[in-house]
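Asker: Okay, handing you the structure first.
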Amino acid sequence: MLPFQLDLLFQINGIGSASGLIYKDSSLFIISDNSSFLYKYNIQEKELHKIKLFENSQENIPKKDKFDFESITQKGNKFYLFGSGSTPNRNKRISYNLTSAVIEEEDLSAIYEKLKLTASISDDDLNIEGALFHNEKWHLFQRGNGAQSKNGIFVLDKEGNDIRFFPIPLPKIQTIEATFTDAILVEDKIYFLAAVENTTSTYDDGEVLGSFIGALSFDTFEVAFTQKVSETHKFEGLTLFTHSKEKIEFLLCEDKDTETLETDIYKLTLDLK
């Protein structure tokens, strides 16, 4: 167990249901699971900009229609946004070029079908909530909050072939196992968030029982540690803020599962000494 401190850092008006974030050049890039915008928030200037991902981008998209962007990661000079795959219309991957601002869309339906076959996951139980790219491989984090309760990591090449699935056991609260909500790579460790929600559905929300921070060895996927950081928040976004030998600081966002367009940004500090 690592000593930690969790602080509410600031609130951003104009974003709801935040599901992922990246800290880059004094700005936060944020996605929302019921929006088709990519948001850029300048921390120093306190200015929010909306980047259209589609011609008719909108907010508070009805649950049955939303793209459910749950993952954002950087590869080269592009951000990649992944739909969760939990329904047929949630199979998109969007790339945003940081240099040219060009946006490209890809349908991952065929690849997501391969993921389900590889891990013997039903159509209702696929739920991708984290992504990273390293060593020419995509690592997609399956949130096992469906009936099959399969937490794990899919590892696949850029073309979506040679897919492997690694189940990952996580701690429980009230007999309910925590499930991945985001993950990032820092040096040789994968730091992840996991939440406990009283539901067996990837579609319907349940009572939030808490959130964990944890780390895995990148080489073996062995869990190095887990630490409960809240009993009431469902943290869904994780990004590196600062890192030294003594401590590591992350920024977190929370999905409140409401239509209110406001997002709380937290700072989580872990003592590494």
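Asker: Tell me which residues, restricted to segment 33-62, are in a strand (DSSP E or B), open to solvent by less than 80 Å² (accessible area, probe 1.4 Å) and under 13 Å from Ile94 (Cβ atoms). Lay out the reasoning, then the answer.
Answerer: Narrowing segment 33-62 to residues in a strand (DSSP E or B): 37-42, 47-52.
Then drop every residue that is not open to solvent by less than 80 Å² (accessible area, probe 1.4 Å), which leaves 37-42, 48, 51.
Hits for segment 33-62 are Phe37, Leu38, Ile51.
Asker: Among Ala101, Ala110, which is more than 15 Å from the chain's Cα centre (by Cα), open to solvent by 10 Å² or more (accessible area, probe 1.4 Å) and under 12 Å from Leu38 (Cα atoms)? Talk me through it step by step, then tell me what you get.
Answerer: Details: Ala110 fails: under 12 Å from Leu38 (Cα atoms).
Checking each option against the conditions leaves just Ala101.
Asker: Please determine whether any residue of segment 44-61 is over 28 Å from Phe133 (Cα atoms) and basic (Lys, Arg).
Answerer: Yes: segment 44-61 contains one or more residues that are over 28 Å from Phe133 (Cα atoms) and basic (Lys, Arg).
Asker: Hey, another quick one. Go through (1) touching a Leu at 6+ places or on another chain (Cβ under 7 Å); (2) loosely packed, with under 13 Cβ neighbours inside 10 Å and name the single condition Gly14 misses.
Answerer: The number of the failed condition is (2).
So that you can scan it fast, the table gives a plain yes or no per residue for (1) under 17 Å from the mean Cα position of the chain (by Cα); (2) among the acidic types (Asp, Glu); (3) open to solvent by 20 Å² or more (accessible area, probe 1.4 Å):
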{"residue": "Pro169", "(1), (2), (3)": "no, no, yes"}
{"residue": "Thr179", "(1), (2), (3)": "yes, no, no"}
{"residue": "Asp182", "(1), (2), (3)": "yes, yes, no"}
{"residue": "Ala194", "(1), (2), (3)": "yes, no, no"}
{"residue": "Phe221", "(1), (2), (3)": "no, no, yes"}
{"residue": "Glu236", "(1), (2), (3)": "yes, yes, no"}
{"residue": "Leu240", "(1), (2), (3)": "yes, no, yes"}
{"residue": "Asp257", "(1), (2), (3)": "yes, yes, yes"}
{"residue": "Ile265", "(1), (2), (3)": "yes, no, no"}
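Asker: Right, Asp125: in a loop (DSSP other than H, G, I, E, B) and surrounded by 21 or more Cβ atoms within 10 Å (Cβ to Cβ) or not? Give the steps one after another, and end with the answer.
Answerer: Working: in a loop (DSSP other than H, G, I, E, B): yes; surrounded by 21 or more Cβ atoms within 10 Å (Cβ to Cβ): yes.
So Asp125 fits the description; yes.
Asker: Can you name every residue in segment 76-90 that is modelled with pLDDT of 95 or more and either more than 15 Å from the chain's Cα centre (by Cα) or of a type in the set (D, E, K, R) (or both)?
Answerer: Gly76, Asn77, Lys78, Arg90
Asker: While we're here: Within segment 129-213, which strands (runs of 3 or more DSSP E) (wholly inside it) include 1 or more residues that are farther than 17 Å from Gly20 by Cα? Break it down into steps so the answer makes sense when it comes.
Answerer: Values: elements: 137-142, 152-156, 164-167, 179-186, 189-198.
Output list reads 137-142, 152-156, 164-167, 189-198.
The values are calculated or read from the model by the stated rules, or taken from the named source; none is laboratory data. These numbers were taken from a predicted model, which means no experiment stands behind them. Because the Cβ atoms are built from the backbone with ideal geometry, glycine has one as well, and the counts that use them run over all protein chains shown. The protein model used for the area step is the full one, side chains on, heavy atoms only, and it has no ligands, DNA or RNA in it. Shrake-Rupley method; radii C 1.70, N 1.55, O 1.52, S 1.80 Å.
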